[in-house]
1. Could you tell me which numbered condition residue A:462 fails, if it satisfies all but one of (1) part of a helix (DSSP H, G or I); (2) near RNA strand B (Cβ under 8 Å from one of its atoms)?
2. Condition test on residue A:477, is it within 8 Å of RNA strand B (Cβ to nearest atom), closer than 22 Å to residue A:109 by Cα and buried (at least 23 other Cβ atoms within 10 Å of the Cβ)?
3. Within region A:96-108, identify whether any single residue is in contact (Cβ under 8 Å) with a residue 24 or more places away in the chain, in a loop (DSSP other than H, G, I, E, B) and surrounded by 17 or more Cβ atoms within 10 Å (Cβ to Cβ), and answer yes or no.
4. Could you list all residues from region A:166-202 that are free of Cβ contacts under 8 Å to residues at least 40 places away in the same chain, away from RNA strand B (no atom under 16 Å from the Cβ) and assigned to a loop (DSSP other than H, G, I, E, B)?
5. Looking at (1) touching a residue at least 24 places away in the same chain (Cβ under 8 Å); (2) within 12 Å of RNA strand B (Cβ to nearest atom), find the lone condition where residue A:450 falls short.
6. For region A:421-436, which residues satisfy the criterion of being closer than 15 Å to residue A:519 by Cα and near RNA strand B (Cβ under 8 Å from one of its atoms)?
7. Can you name the residue in region A:50-60 that is more than 9 Å from RNA strand B (Cβ to nearest atom) and buried (at least 17 other Cβ atoms within 10 Å of the Cβ) and is also nearest to residue A:92 (Cα to Cα) among such residues?
RNA sequence: GCCUCUGUAGCUCAGUGGAUAGAGCGUCUGCCUCCGGAGCAGAAGGCCGAAGGUUCGAUUCCUUUCAGGGGCACCA
């Protein structure tokens, strides 16, 4: 019996009691069941009687007593006790609890999938680093976390498109091109230009493709140089992301918005909506009507559209493409954008609470220094991957909530590789995988299964932890917090290691293979499955040996 | 000044309107003649930044306050 099934059973009892006229209260959609810290409080507990007692004008303990009578009749429930002010402590029959092992193995890769977000059509935009330099550590957090969120949302039934917005328009591209040009000719970095070593590499790549650029003056060379350098840089970004296990569904070009007339069109549409005004030659969007602290310019007095205008056009594109929820994952340095992005949504006639969601991730600091490609002291994502591996990096970024600031010391991270929790989890997977193979070599099989034999306390604990996976996934999806998966996996690994130390899947020595060994193989393999499914949601590999 | 995030064990950080607040690292004690010891069992270590409020119950929600990070462009 899974916690969900137990929860449903309690709801059913409540509904029956209402129907029978024993209580008069609105039955909540779901009843929360929790794993009590102490085993003395049963396998699962609920505080539903405390919550509903008052609403039903009953003493919580009387309400609880009513529920106990009905719950005790439910198949699979071994006992129900009232504790304290009205907690219900529920103990499952061993067999009902153990049945979960078979449920998981049979569900396979699908175990953990749920319907919490079925029907949601979501656009998730993240990373969106400027194509003027390589991805660096500042981009890695959302790359890891954003991709994990996309996976978790999909597992919860949402239809998700992940998107990378390429800021390939505006003056920065010219500065970028001039930086490459200057480097090519041994000139100093231009004012406000990019100094990093990668500029030299780009210059070499560009020259290899178009040697004639070396002979041309800046004005002649720039357009083609710009195009080639941009293409090379974007290709580098894409390949780094791929090595990190992050594959976007869509790469969306900002300049395409300008060239295709989408920006002008967006301004016209917003004007129709009545949120535009003209002042001192510029065109403004009245974002203050929707919570922004100042109005924003869309078209400058000189006729050029602002970056914000492209943002508006981009939002409308997402809306036109049918996404009911647009999620933006931004760094804390963009926190000032939240209100104006939401104002765009509202100006476009959307609900700024339901149709747009802006998540702010705190920045990662490295040795206390801020990183900037302009300053040239970047730590590249590719280097980090090479140093500590994509798995360890993704996991260590995914195990913290986005709003907690983390300070990474690359040297420390590299040194502490063996202390990284990812190894604890991956090791549990490898160990359970190996244990299964060994057991089967000794004649243990999954041909028979008797759930009532899983009586060891460590088995009760492991089963309880495994059973929580679907609700953990659903919770992670709804809260956009994939770190819950990581923390949960650490719990699973811990429960597995304890179980492994307490029981045996393979008989001791030359002992006979008994029914209990066959049954434990199911539990072992169920654990392997949950660990693999969970790691997959984080984009981390589940090795069969280490 | 305004907005926002953070403050929990020596360190890095989880966590919840409920029963005894957790993990890893570090420290200390045990456990390899047998399925992977990259592991297990146990010990020590806490004014959940501070003060008010809501509640039967607050570390959790609200207000104030102190401390730290980040942000406040007709840049992109």
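1. (2)
2. Numbers: within 8 Å of RNA strand B (Cβ to nearest atom): no; closer than 22 Å to residue A:109 by Cα: yes; buried (at least 23 other Cβ atoms within 10 Å of the Cβ): yes.
It is false that residue A:477 is within 8 Å of RNA strand B (Cβ to nearest atom), closer than 22 Å to residue A:109 by Cα and buried (at least 23 other Cβ atoms within 10 Å of the Cβ).
3. Within region A:96-108, none of the residues are in contact (Cβ under 8 Å) with a residue 24 or more places away in the chain, in a loop (DSSP other than H, G, I, E, B) and surrounded by 17 or more Cβ atoms within 10 Å (Cβ to Cβ).
4. A:185, A:186, A:187, A:188, A:189, listed by residue number.
5. (2)
6. A:435, the sole residue that qualifies.
7. In the first step, residues of region A:50-60 are kept if they are more than 9 Å from RNA strand B (Cβ to nearest atom); the result is A:52, A:55-59.
Now drop any that are not buried (at least 17 other Cβ atoms within 10 Å of the Cβ), which leaves A:52, A:56, A:58.
On the way: A:52: 23, A:56: 27, A:58: 27 Å.
In this case the residue turns out to be A:52.
A short reminder: the numbers here are calculations on the coordinates, not readings from a lab. Because the structure is predicted, anything quoted here is derived from the model rather than measured. Note: ideal-geometry Cβ built from the backbone for every residue, glycine included; neighbour counts use all protein chains shown.
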